[in-house]
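Let me begin by presenting the structure, written as structure tokens, before commenting on it.
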Amino acid sequence: MAKKVAIIGAGASGLLACKYTLAKGLHPIIFEAEEAIGGVWTRTLASTKLQNTRETYRFSDFPWPASVNDKHPSQSQVLNYLESYAQHFGIFPYIKFNSRVIGINYVGESCEEMESWVLWSGNGNPFGSKGKWLVRVENVKDCRTEVYQVEFVILCIGLYSGCPNIPDFPPDQGPEMFNGKVMHSMEYSAMDNLKAIEFIKRKRITIIGSQKTALDIAAECANINGFQYPCTMIQRTARWQIHGENICGINLGFLYLNRFSEFLIHKPGETFLLSLLATLLSPLRWGISKFLECYLRWKLPLKKYGIIPKSSFLQDISSCRTCKLPENFYDKVEEGSIIIKKANSFSFCKQGLIIDRESQPLETDLVIFATGFKGEEKIRNIFESPFLQKCITGSKARISLYRQVIHPRIPQLAVIGYAESLSYLYATEIRCRWLAEFLDGKFELPHVTEMEKQVSIWENFMKKHNGNSRRECISNIHIWGNDQLCKDMGCEPRRKRGFFADLFLPYGPTDYVELC
């Protein structure tokens, strides 16, 4: 009888996990709280477009339809693409919609036994333990609860929903002091498009944040209200923003998405020769970053509005904190439809916000926090056992995952989609392939201590390049990470024909179509 695998979430990660576990003869069940697939894309502004081009954001074996000509497809086009993928590979019959997972618990092994394991799950095999997972699922329509028993759980719940990150305020300085409305971008993005337009029409709106969501909401407000009701963006930290894939005619893929670009970076677990090469090439690494910074300072009015980032372009792209500007964004700033304000601190008052303790408040009707999500907390809270909650995060901000998929101490469970990359979709697909091969017994995991050692090496790399960011970003070494997954699966990691092509051409989804 086929082993049951619970997949939590029907976003892109969940669809991929389902497809590849099905191919191995397993019996997946996808639990999705919404009425449709798409994950974060079902709760994204209709005006939002892909940051990636359609060539870099695609499934390896399923191209975009010929009808999509936009270089950066829209939200509705992305959803249609995901639905076509699920339809094409027969995934819909395995999805339980309106089914919110409210808790998972591992039973059959004591905490003491689990802590004593030398091998993952006791023997290094995906289904070797005597334990099972109990998945508590609530029907969102009638609140009826049902418990499913499965042999394996794959968490595909994403980082950008469910658990909003809202700053803490001292007493009498928080949203409770404000006469207007305060909401998180999650609430606004979940609105129907027409309802959202009516909601913000003729309102003075203030957005807290500087990343992609904040930019998209500001652009949408400007399109609807114009300069008569300008939208104000409050930014604490400016980040580098790009307005296209080409810089002076050079595609960014040739600077950050090929093997040569990764030779410039010190990588986790690298050999002495690779470390020496990265050291010798450090002037080139610095020069590329400075070149891009100079170009963006020339191309965009960053100095005029006092938003030149203090971090380097390399630091921001290495920590996945660069983002693509909405179309004509700075045209809207120039016309006064969007006002950008730098602020070290702010607090609420009856009329609006007091910025940096200024005497005159910023009067506003609506404040939208575009301050991200607590993805780690969301993942931790799905575990019912305090022991497993402690295992998944411990005292650290990041979740410790071997190959960005498996926690060394938690049996029969995988997390897909936690690590971020400039090429998120195909990076996720390769991890789903790796997981499916592991579930099929093609390879075994190393000892728990070796896994934890590898996790520690990668965590030190993240801390060096990501600073205090909670993000698990592998954008500057995604090929290096894919190479390790390929080697585990017994596949050739070098995916291009010819030495120079493999060294200098950007890597993308189609390079991994016929993996093994």
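The values are calculated or read from the model by the stated rules, or taken from the named source; none is laboratory data. Values in this document were obtained by computation on a predicted structure and should not be read as measured data. Here the Cβ positions follow ideal geometry from the backbone for every residue, glycine too, while neighbour counts run over all protein chains shown. When the accessible area is computed, the model is the full protein with side chains, heavy atoms only, and any ligands, DNA or RNA have been set aside. Shrake-Rupley method; radii C 1.70, N 1.55, O 1.52, S 1.80 Å.
Key figures for this structure:
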quantity	calculated
Trypsin sites (Lys or Arg not before Pro) within region 45-126, DSSP loop, no more than 14 other Cβ atoms inside 10 Å	Lys71
Dipole axis of region 433-516 (+1 Lys, Arg; -1 Asp, Glu on Cβ), positive-most option in Ile457, Cys516, Cys491	Ile457
Whole-percent carbon and sulfur share, accessible surface of region 102-215, 1.4 Å	50
Filtered trypsin sites (Lys or Arg not before Pro), region 234-339: DSSP coil and at most 13 other beta carbons within 10 Å	Lys303, Lys304, Lys310
27 Å Cα-Cα threshold exceeded, pairs from Lys303/Lys332; Lys96/Lys463; Lys267/Lys496	Lys96/Lys463
Heavy-atom accessible surface of region 257-394: percent carbon and sulfur, 1.4 Å	55
Cross-link reach list, aspartates and glutamates versus Lys201, counting only Cα pairs under 12 Å and skipping chain neighbours closer than eight places	Glu220, Asp365
Surface accessible to a 1.4 Å probe, per residue, for the residues of the chain, Å²	44
Sites matching trypsin sites (Lys or Arg not before Pro) across region 378-451 that sit in DSSP coil, with at most 15 neighbouring C-beta atoms within 10 Å	Lys396, Lys442
Mean separation of Cα contacts under 8 Å (6+ apart) over length of the chain, as relative contact order %	22
Label-zone membership for region 342-357, site Asn179, 7 angstrom Cα→C-beta point, backbone N under 13 Å	349-353
Region 72-205, relative contact order [Cα under 8 Å, separation at least 6], %	16
On Cα atoms only, tilt of 424-439 relative to the major axis of the chain in degrees	20
Cα long-axis angle, helix 12-23 against the chain (0 to 90 degrees, to the nearest 10)	20
Too-long pairs where the Cα-Cα distance tops 23 Å, listed order kept, from Lys71/Lys299; Lys3/Lys442; Lys71/Lys212; Lys49/Lys310; Lys132/Lys487	Lys49/Lys310; Lys132/Lys487
Potential lengthening between Cys294 and Ala2 on full extension [0.36 nm per residue; Cα-Cα distance subtracted]	99.4 nm
Isolated Cys residues of the chain, judged by Cβ distance under 4.7 Å to other cysteines	Cys18, Cys111, Cys143, Cys156, Cys163, Cys248, Cys294, Cys323, Cys349, Cys391, Cys432
With every protein chain in place, region 401-515: carbon and sulfur % of accessible area (1.4 Å)	50
Probe 1.4 Å, all protein chains present, accessible-area order of Cys323, Cys294, largest first	Cys294, Cys323
Extended-chain gain in nm, criterion 0.36 nm per residue less alpha-carbon gap, Asn223 and Arg136	27.0 nm
